[in-house]
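Below: one structure, written as structure tokens.
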Amino acid sequence: MKAYSLENVSALVVDDNRFMRTIIVNVLRGLSIQYVAEARDGHEALEELRATAIDLVVMDWEMEGMSGLQLLQTIRSGKRGINPLMPAIVVSANTIARNIIRARDAGMTEFLAKPVSAASLYARIVSIIENPRRFVRTGSYFGPDRRRRFDPDYVGPKRRTEDKSRDDLNDLDAIKRA
Amino acid sequence: MADNKPKVEFVDNPNPLRSKVKVKAGADPSELIAQANESVKKLSGEFETIFAESVTALTSAMTEVRQTGMTREQGLIRMRRLLHDLRGQAGTFGYPLVSQVGDSACKFIDLSEASGETEVSVLSMHIDALKAINQAKIKGDGGSIGQELMNGLRKVILKHNAGATE
């Protein structure tokens, strides 16, 4: 893993637990991020996102009032003048699969399981820097492409037109016919 | 034949974060991570105070839950919140056993369908475990005592789940 200087990055930490916010803020400042804003809930987060040029959101999922799900959906909707492509790291101690899937389907960029460590948070930031994913808009989803890699052995349903192009490329008979 | 595949639009991600950072040539990220760990370590004392206060609050919430049963009333809601916060924070400060017990209790609350005396008793064992960890100041995974404690909780939950499906 490379060492990045993160001084110019501005981050927003959203958590309704004061101490948890302090932990994440300390990690980010320890990683040399100079500007770290804090929000106690989704409403404060939206205000901050509207008022400040934030590059990265680190957000709790289980929040009272506006939940992490509602906050992420609002960000991805692009309404209220907020950048819908904003990188969002969802932080949660609830690692039950359905919780992670819900966050993925709401458009999270990365998931970070609590307890948080400096190494794990840094790894998520590096992943956003080094492996940016294009965004996908379908009738029911807007967010980073949920397919992180192309698996040639995938046998499930193929829903995209580009899947067909790939099939054609892999079909030697079709290539010969062309 | 009509193409029934849903329409998908791809949007390029300009990745502004990439343009804001620079690679520190020859630098080791572990130094940066160590610096961040030091910054968090300063909060250890505060966590230990929060842990002790949480155990007291959990004991009080447990008294309420004993009276109401494991129903979604204030006592249980407060207890779930305290356990959730503990499981999320303890591991950061060298108390992974607290995180494990908290996680086990939260999952039990989230996934339990019944809310009677048996469930209250399983929950109470988790609170007792946290009290014991706090009193004995058990850091890390707790060694053989920690393993015994977690195995005990696992067995109780497995036994409870087996009873629930009978």
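Taken together, the values in this text are just the output of simple stated rules run on the coordinates, not laboratory data. These numbers were taken from a predicted model, which means no experiment stands behind them. Heads up, the Cβs are rebuilt from the backbone with ideal geometry, glycines too, and the neighbour counts pull from every protein chain shown.
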#### Entry: Top of A:39, A:93, A:106 by mean-square fluctuation, Gaussian network on chain A, Cα under 10 Å
A:93
### Query
Longest span of chain B, sites excluded, free of trypsin sites (Lys or Arg not before Pro) in DSSP loop with at most 11 other C-beta atoms within 10 Å?
B:73-136
### Summary
Counting sequence-distant residues (5 or more places) and residues on other chains, those with an amide H built under 5 Å from that of residue A:112 are A:90, A:91, A:92
#### Entry: For residue A:38, distant residues with modelled amide H under 5 Å away
A:13
### Query
Highest GNM mean-square fluctuation, chain A, Cα pairs closer than 10 Å: which of A:81, A:42, A:139?
A:139
### Message
Placing unit charges on C-beta atoms (Lys and Arg positive, Asp and Glu negative, everything else neutral), compute the dipole magnitude of the stretch B:18-166 about its Cα centre in debye, rounded to 20.
### Response
560 debye
### Query
Suppose every K and R has +1 on its Cβ and every D and E has -1 on its Cβ; what is the size of the dipole of the protein assembly as shown about the Cα centre, in Debye to the nearest 20?
800 debye
### Task
Read phi for every residue in the stretch A:85-100 and hand back ³J(HN,Hα) as whole Hz from Karplus 6.51 cos²θ - 1.76 cosθ + 1.60, θ = phi - 60°, with x for Gly and Pro.
8, 3, x, 10, 9, 8, 10, 8, 8, 8, 9, 4, 3, 5, 5, 5
### Message
Counting other beta carbons within 10 Å of each residue's own, what order do A:1, A:66 fall into, fewest first?
### Response
A:1, A:66
### Shape category assigned to the stretch A:10-144 from the gyration tensor of Cα positions, a/c cut at 1.5
rounded
## Note on the structure
Cα gyration tensor of the stretch B:45-165 diagonalised, 5x eigenvalues square-rooted, in angstrom largest first, produces semi-axes 22, 17, 11
#### Entry: For the stretch A:124-133, Karplus couplings with θ = phi - 60° (6.51, -1.76, 1.60), whole Hz, Gly/Pro x
5, 5, 4, 4, 5, 5, 8, 10, x, 9
#### Entry: Average beta carbon contacts from partner chains per residue of B:81-90, 10 Å cutoff
5
### Summary
Note on chain A: contact order normalised by length, alpha-carbon pairs under 8 Å, 6 or more apart, percent, works out to 16 percent
## Note on the structure
Within the stretch A:1-99, DSSP-loop GluC sites (Glu not before Pro) with at most 14 other C-beta atoms within 10 Å are A:7, A:64
### Task
Answer with one residue from A:86, B:39, B:144: the one whose Cα lies farthest towards the positive end of the charge dipole of the protein assembly as shown, charges on Cβ with Lys, Arg +1 and Asp, Glu -1.
A:86
